[in-house]
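Have a look at the structure below before the remarks.
The values are calculated or read from the model by the stated rules, or taken from the named source; none is laboratory data. Because the structure is predicted, anything quoted here is derived from the model rather than measured. Reconstructed Cβ throughout: ideal geometry from the backbone, glycine too, with neighbour counts over all protein chains shown.
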Amino acid sequence: MDNETKDCAKTCGGCFGICILALISAVVTSVFAGFVFVTLWGWFAVPFGLPAIGIFQSLGIMTLFGMFLVPMGTQLALKAEKEQTQAVTLAVAFLAPMFAYALVLLSGWVCHLLFVAYPAFGLK
């Protein structure tokens with residue numbers, strides 16, 4: 001093999017690995033986001049008489065709203081892409097939405113506890 005062929009094989013292999021990693025991180029982030037949505041829905045929408053939903057229904061609702069909103073972490077990932085290596089950019093693109101969804105879940109949990117502890121602020 002000449003140097004050009006070796007470089008092409010190395011580049012294509014690296015791109016394939018990055019694509020697989022990006023696909024895996026997208027699936028993990030989507031499942032976690034669905035879990036957060038289902039949990040919050042159960043805490044705050046079901047008591048109002050709305051039916052409980054599953055993860056796939058929550059992903060559909062989030063996709064519907066996602067058409068109108070910029071996904072969490074996108075701006076941070078774009079900024080990091082200009083300043084960091086490719087591995088750091090992928091880590092930020094994966095961790096930023098996960099961290100944001102975890103914060104949403106934490107704040108929802110605190111609100112849920114307050115509604116349970118102080119029913120005057122809740123539905124009862």
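Could you list, in sequence order, the residues of segment 28-37 that are of a type in the set (A, V, I, L, M, F, W, C) and surrounded by 19 or more Cβ atoms within 10 Å (Cβ to Cβ)? Selection gives Ala33, Val36, Phe37. If you go through segment 45-54 and keep only what is at pLDDT below 90 and surrounded by 12 or more Cβ atoms within 10 Å (Cβ to Cβ), you end up with just Pro47. Say whether the condition of being more than 12 Å from the chain's Cα centre (by Cα), assigned to a helix (DSSP H, G or I) and modelled with pLDDT of 85 or more is met by at least one residue in segment 60-81. Checked against the condition, which is being more than 12 Å from the chain's Cα centre (by Cα), assigned to a helix (DSSP H, G or I) and modelled with pLDDT of 85 or more, segment 60-81 yields at least one hit.
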